[in-house]
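The values are calculated or read from the model by the stated rules, or taken from the named source; none is laboratory data. Predicted model only: the values in this text are computed from it and were never measured. In this analysis, Cβ positions are derived from the backbone assuming ideal geometry, glycine residues included, and neighbour counts consider all displayed protein chains. Note: areas computed on protein heavy atoms with side chains; ligands, DNA, RNA excluded. Shrake-Rupley method; radii C 1.70, N 1.55, O 1.52, S 1.80 Å.
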Amino acid sequence: MSNSLASKLLAEFIGTFAFVFIGAGAAAVVGDGVGLPGITAIAFAHGLTIMAFAFAYGTVSGGHMNPAVTVGVLAVGAMRAGEAAGYIVSQLVGGVIGALVLRAVLGGAATGLGTPALAHDLALGATTVTVSPAAGFVIEAVLAFFLVTVVLGTAVAGRAGNLAPLAIGVTLTLNIIMGGALTGAAFNPARALGPMIVTGNLSDAWLYMAAPIVGAIVAALVHLTRLARQPATTAEPAQPVQTPAG
């Protein structure tokens, strides 16, 4: 393994570890039933962590910290398949280690460690909502689509310059404010799988693994189609080493 690739994989591991430790940790500490203020706090914990580590590691690995983002970047041809596989392994391991450390500092898994789950009998105004697996799949896929679209449109296409991590962090925050109460708004297989493995709660794991990947692939197809239709003089080159995301 080259020193360059090793540095990238280490950056992805540390970034994903921090994302799960802080993001899932905030969800565990805040807990359920706290309404929009609690969800907003959890959303900012995730969004600010992604933004901070994207700024820190964007020039090293791109700061993906999300297998769905890596799949999207791979799908538009901005990285190689072997490198993408290494990223995904590092992200998944970082997510599990983050959840393990979280369990240790919280004295066990009784809090749920921020494991995402589909809402059951959620009170929304004058009604209650139960999110079915099909609806949950759509929500997670759409949220991943939004995130990967912003990553590809800012960091990969180079449109936001040094502010790409800010745009990505804000997108992730807004996604969680909308979807946090419905599905837990993981839209990140590493963020979902880490706490699931450590708590032993694998309910709907297939959904949290597959839906973000589907959303990422759709975002990549839209990105490629849009660029293909632009005149050659206006299309902007991909910049694979500056693709920060959550």
For the stretch 25-46, which residues satisfy the criterion of being hydroxyl-bearing (Ser, Thr, Tyr) and closer than 19 Å to Arg103 by Cβ?
-> none
So is Phe17 hydrophobic (A, V, I, L, M, F, W, C) and closer than 21 Å to Gly184 by Cβ or not?
-> yes
The residue from Met79, Met51 that alone is open to solvent by 30 Å² or more (accessible area, probe 1.4 Å) and either under 18 Å from Thr154 (Cβ atoms) or not in a helix (DSSP H, G or I) (or both) is Met51
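Within the stretch 54-76, how many residues turn out to be among the aliphatic types (A, V, I, L, M) and not in a helix (DSSP H, G or I)?
Kept after step one, since they are among the aliphatic types (A, V, I, L, M), are these residues of the stretch 54-76: 54, 56, 60, 65, 68-69, 71, 73-76.
With the extra rule that they be not in a helix (DSSP H, G or I), the set shrinks to 60, 65, 76.
Qualifying residue count for the region: 3.
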Give the residues of the stretch 173-203 that are surrounded by fewer than 23 Cβ atoms within 10 Å (Cβ to Cβ), in contact with a Phe, Trp or Tyr (Cβ under 9 Å, 6 or more places away or on another chain) and not in a helix (DSSP H, G or I), sorted by residue number.
-> none
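So if I check each of Val96, Val131, Val138, which one is open to solvent by 50 Å² or more (accessible area, probe 1.4 Å) and more than 14 Å from the chain's Cα centre (by Cα)?
Working: Val96 fails: open to solvent by 50 Å² or more (accessible area, probe 1.4 Å); Val131 fails: open to solvent by 50 Å² or more (accessible area, probe 1.4 Å).
The match here is Val138.
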What are the residue pairs meeting all of these: first residue in the stretch 93-118, first residue more than 21 Å from Gly179 (Cβ to Cβ), second residue of a type in the set (S, T, N, Q) and open to solvent by 30 Å² or more (accessible area, probe 1.4 Å), Cβ atoms under 7 Å, and 6 or more apart or on different chains?
-> Ala109/Thr199
Output the qualifying pairs, or none if there are none: Cβ atoms under 7 angstrom, residues six or more apart or on different chains, first residue in the stretch 8-31 and farther than 14 Å from Thr49 by Cβ, second residue assigned to a helix (DSSP H, G or I) and of a type in the set (A, V, I, L, M).
-> Phe13/Val93; Ala28/Leu102; Val30/Ala41; Val30/Ile42
Tell me, which residue of the stretch 171-208 that is modelled with pLDDT of 95 or more and of a type in the set (S, T, N, Q) is nearest to Ala104 (Cα to Cα)?
-> Thr199
Those residues of the stretch 104-144 that are acidic (Asp, Glu) and in a loop (DSSP other than H, G, I, E, B) come to a total of 1
For Ser61: the one exception among (1) within 17 Å of the chain's Cα centre (by Cα); (2) under 20 Å from Gly161 (Cβ atoms); (3) open to solvent by 60 Å² or more (accessible area, probe 1.4 Å) = (3)
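Tell me which residues, restricted to the stretch 145-172, are part of a helix (DSSP H, G or I) and either touching a Cys at 6+ places or on another chain (Cβ under 7 Å) or open to solvent by less than 20 Å² (accessible area, probe 1.4 Å) (or both). Full working, then the answer.
Step one: filter the stretch 145-172 for residues part of a helix (DSSP H, G or I), giving 145-156, 161-172.
Answer for the stretch 145-172, where residues must be part of a helix (DSSP H, G or I) and either touching a Cys at 6+ places or on another chain (Cβ under 7 Å) or open to solvent by less than 20 Å² (accessible area, probe 1.4 Å) (or both): Leu147, Val148, Val151, Leu152, Gly153, Ala155, Val156, Ala164, Pro165, Ile168, Gly169, Leu172.
State whether the residues of the stretch 26-37 include one that is over 22 Å from Asn162 (Cβ atoms), assigned to a helix (DSSP H, G or I) and in contact with a Lys or Arg (Cβ under 9 Å, 6 or more places away or on another chain). Quick ask: steps written out before the conclusion?
Kept after step one, since they are over 22 Å from Asn162 (Cβ atoms), are these residues of the stretch 26-37: 26-37.
Now drop any that are not assigned to a helix (DSSP H, G or I), which leaves 26-30, 35-37.
Subset that is in contact with a Lys or Arg (Cβ under 9 Å, 6 or more places away or on another chain): none.
No, that holds for no residue.
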Answer yes if at least one residue in the stretch 61-73 is under 17 Å from Ala216 (Cβ atoms) and free of Cβ contacts under 8 Å to residues at least 40 places away in the same chain, and no otherwise.
-> yes
Enumerate the pairs (first residue in the stretch 175-191 and within 21 Å of Gly15 (Cβ to Cβ); second residue anywhere and charged (D, E, K, R)) with beta-carbon separation below 6 Å, excluding pairs fewer than 6 apart on the same chain, so at least 6 apart or on different chains.
-> Phe187/Glu140
